[in-house]
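Please treat every number below as a calculation from the coordinates, not as lab data. Predicted model only: the values in this text are computed from it and were never measured. Reconstructed Cβ throughout: ideal geometry from the backbone, glycine too, with neighbour counts over all protein chains shown.
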Amino acid sequence: MKGEANGDDGAAVRIPPPLIYLAAIIVAGLLHAYVWPMPLLLEFGPRLAVSLTFVMLGIVLMAGAIGLFKRTGQDPKPWKSTPEIISTGVYHFTRNPMYLGLALLQIGIGAGMENGWIVGLCRRCCWPSIGRRSGTRRPI
C-alpha cells in the first residue's frame, strides 16, 4: 500500500480500514466473553430494530459509495490514486461514506450481539480516519 507519505496521490493508509473494524469486533468479543461482559440494556425487539437499522444504513452507504467509484472509474481502495473528487450521491452528505458505513455496521453488529464493547470501540476505529487535521491527530 502506497500513500502520500511515499509521494503518491493516494492516502497514507497503513492498514485496510475494514480490517481495523474487524479487529475491533474480534477484540470486543474476547473482552466481552473473557474479561468483562458489557451487555446492552435493550430488550430483544428494540435491540433487533436498532441492529437491523444500523446494519442496513451501513450497507446502503457503502454500496452507494462503491457504486459511485465504479461509475467514475475509480478504485475504492484508499491507498490508490484519486483522479477526481466525488461530491455527488452519498458524498453529498458525508465526506467518508465507506468509513461511516463501516462504523454503522459495527454498531449494528454490537447491538445485535448485545455487546457494548463492540459499540464502544467504534469510536476508536473512527479516530484514525477523522482524527487528522494538518498532519496532526486530535482526540474526537
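Sorted from fewest to most neighbouring beta carbons within 10 Å, what does the list 36, 117, 79 look like?
Details: 36 9, 117 23, 79 18.
Going from least to most buried by this count: 36, 79, 117.
By the scheme Lys and Arg +1, Asp and Glu -1, what is the net charge of all other residues having a beta-carbon under 14 Å from that of residue 89? Please report the intermediate quantities before stating the final value.
Working: positive: 70, 71, 95; negative: 84.
Charge balance in the 14 Å sphere: +2.
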